[in-house]
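Colleague: Dropping the structure in here first, questions after.
The values are calculated or read from the model by the stated rules, or taken from the named source; none is laboratory data. Note that the coordinates shown come from a computational prediction; the quantities given were computed from them, not determined experimentally. Here Cβ is always computed from backbone atoms with ideal geometry, including for glycine, and neighbour counts include all displayed protein chains.
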Amino acid sequence: MQGTLFDIDVEIKTKEPDISEWGTFRDSLRAPVHGWFTYPAGFSYKAVEHSIEQADLTVGTSTIYDPFMGSGTTNLVAKSLGFNSIGVEAHPFVHRITQSKMNWDISFDELNNAIEKIQKQVSKAERPEKLEPFLKQEFPELILKCFLPETLFELWTIRNSILKLDSTKGTKEFLRTALICVLRDVSIAATGWPYIAPNKTKVTSMSKKGWETYRNRVLKMYGDIVEINRKAYKGKSTHQVLNGDSRNTVGQIADESADHIFTSPPYLNNFDYADRTRLELYFMGEAKNWGEISDQVRKKLMTSATTQINRTDSKYQFLEGFKFECPDQYTFLSNAVEKLSELRLTKGGKKSYDLMTIGYFNDIYQIIKDNFRVLRKGSKALYILGDSAPYGVHIPTDELIGQIGVAIGFSNYQIQILRERGGKWEKNPQRHNVMLRESVVILQK
C-alpha cells in the first residue's frame, strides 16, 4: 500500500531533495543541539516536525514516543514544540549523551567557572618525561593510533578534570558530552562515521590543539542551548529518557500513554551499533576491548548484525508467537532464511545472515506488539527504515513490518517511499544487484 503522509505522489518523492534526505542525519547536523553527537543511525528532525504537523496532537498534553531514541532527534523536536516525549535507548553510552542533549538548563556562570578550573588543570599538568609509555598504560592501542601524544595527554587531563569538578551533575554531563564530541575532530586518523581507519592520516587535524578545540566546542554547544531555548515553546512539557529494551517496556511505559510514535529501527544491514562507539568507549575508559563492548552494549541491542550471532545459540529460532500471529510473514521469511543458510556456505565470509534475519524479525515482532500496547487508539506509528538484500536475497522489510503490524492488531498500514539507495555500489562485483529503497511505514491503530 502507498500512503500520502507527505502529500506528494510516490513517483515524485525520490526526486525531492528535502524528502530524500529525511532518512539521513544531514539536516540534523546543522541544527542547534541536534548536531552535537554524530550518531551514524540518525534521521532528519524535519521529518519528525512534518509528521507532528500532520497528526492530531495537542501542545502540552500529547506524548510522542521513540522506541529507538538514539541521539534523541524525536525527543528534541517534541521538547522544542512543546509536546511531552518518551524515548527508549538500549545503548547505555548513547542514552547518556541524549540525556545531556535534553538538558537545556545549563548555568553560564557555573559553566564558565568549571571551564576556568579545567583550563588551570590543563595548564599546570606535568607532562610525563616518557609520554608515550605513560599513555600506553592509560589507553588501548586504537586510541594511541588516533591521536598525537601531546593532544591525547591534553584530552586525558580534561577528562580527569571533569571527574573532579564540584559542579552540578547537569554541567558535568554537558562538559563530558562536549569532550566526547571533539574526539573525532582532533583525531589524526580517518575517523569519519561509521568507520575508524587508524592507518590513514587526517592532515587537517595535525595542527589542532586539544584544549583550544574543546573550549570552542563548549562555547558552541552553550550557544546552541541559548538558541534552541529562544525558539522553543515556552510552556511546560515532560520528557522520559529511558535506558532500556523497547521489546518490552511493561512497567516503564503505561498502556495507551503515547499519542504518536516516530522512530527509525535498525536496518537489516549488518550494521554493528555497538562497534560504532568504540573510539569513544575506549577513550572514556568504559571499555578496553571487543569483549567488554559485547558485554556492556552488544548483548543489549536488538539483532541487526552478524557480530551478535553465535551459531550454537538455540535462541535463533522463530518465536512461537510470531509463527502463530504472523503465519504469512513467517512462511516468507522461513523460505528466505533457507536460501540464506545455503548461500552462506558458498561465500568466503560465511556470514550468518540467516540467523540474523530470524533474530531481527523476532525482535521487530516484539517491538511492534509493545508499540501497539503503548499507543492510544486512533494514533499512528511511523517507522523510517530501509529494505535489505543479504547475499542478494531481497527482504522487503518495510512491507513485512506493515504486514506484521496489521497481523498484531493495527487497522492498516501505508508505505511512503523516500528514496532509492544502493546505486553507488552497482559496479562492485561482490555486491548484489537488487535496488533498495528507504521508506516510511505508517501503522494506524
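Colleague: Looking only at region 394-419, which residues are buried (at least 20 other Cβ atoms within 10 Å of the Cβ) and part of a loop (DSSP other than H, G, I, E, B)?
Modeller: Across region 394-419, the qualifying residue is only Phe410.
Colleague: Tally up the residues in region 119-143 that are free of Cβ contacts under 8 Å to residues at least 40 places away in the same chain and crowded, with 17+ Cβ neighbours inside 10 Å, please.
Modeller: 1
Colleague: Considering only region 34-57, how many residues are crowded, with 18+ Cβ neighbours inside 10 Å, in contact with a helix residue (DSSP H, G or I) (Cβ under 7 Å, 6 or more places away or on another chain) and not in a helix (DSSP H, G or I)?
Modeller: The qualifying residues number 8.
Colleague: Of these, Leu355, Leu375, which one is farther than 30 Å from Lys46 by Cβ and not hydroxyl-bearing (Ser, Thr, Tyr)?
Modeller: Sole residue among the options that is farther than 30 Å from Lys46 by Cβ and not hydroxyl-bearing (Ser, Thr, Tyr): Leu355.
Colleague: Among the residues of region 372-387 satisfying the criterion of being surrounded by fewer than 23 Cβ atoms within 10 Å (Cβ to Cβ) and assigned to a strand (DSSP E or B), which is nearest to the chain's Cα centre (by Cα)?
Modeller: Gly386
Colleague: If you go through region 320-337 one residue at a time, do you hit one that is of a type outside the set (Asp, Glu), outside any helix (DSSP H, G or I), modelled with pLDDT under 95 and out of contact with any Asp or Glu (no Cβ under 9 Å at 6 or more places or on another chain)?
Modeller: No, region 320-337 contains no residue that is of a type outside the set (Asp, Glu), outside any helix (DSSP H, G or I), modelled with pLDDT under 95 and out of contact with any Asp or Glu (no Cβ under 9 Å at 6 or more places or on another chain).
Colleague: What's the number of the only condition in (1) closer than 29 Å to Lys315 by Cβ; (2) at pLDDT 95 or above that Gly349 fails to meet?
Modeller: Condition not satisfied by Gly349: (2).
Colleague: Okay, moving on. I need the full set of residues from region 64-83 which are surrounded by 23 or more Cβ atoms within 10 Å (Cβ to Cβ) and not in a loop (DSSP other than H, G, I, E, B), in order please.
Modeller: Ile64, Tyr65, Asp66, Thr73, Thr74, Asn75, Leu76, Val77, Ala78, Lys79
Colleague: Within region 229-252, track down each residue that is buried (at least 18 other Cβ atoms within 10 Å of the Cβ) and closer than 20 Å to Arg96 by Cβ.
Modeller: Those that are buried (at least 18 other Cβ atoms within 10 Å of the Cβ) and closer than 20 Å to Arg96 by Cβ: His239, Val241, Leu242, Asn243, Gly244, Asp245, Ser246, Thr249.
Colleague: Please go through region 373-383 and give me each residue that is under 13 Å from Gly402 (Cβ atoms) and of a type in the set (A, V, I, L, M, F, W, C), ordered by number.
Modeller: Ala381, Leu382
Colleague: Sticking with this one: Tell me the residue from Lys369, Lys323, Lys339 that is free of Cβ contacts under 8 Å to residues at least 24 places away in the same chain and surrounded by 15 or more Cβ atoms within 10 Å (Cβ to Cβ), please.
Modeller: Just one listed residue meets the conditions, Lys323.
Colleague: Here's something else I'd like to know. One residue is enough: does region 203-219 have a residue meeting the conditions more than 30 Å from Glu116 (Cβ to Cβ) and out of contact with any strand residue (DSSP E or B) (no Cβ under 6 Å at 6 or more places or on another chain)?
Modeller: Taking every residue of region 203-219 in turn, at least one turns out to be more than 30 Å from Glu116 (Cβ to Cβ) and out of contact with any strand residue (DSSP E or B) (no Cβ under 6 Å at 6 or more places or on another chain).
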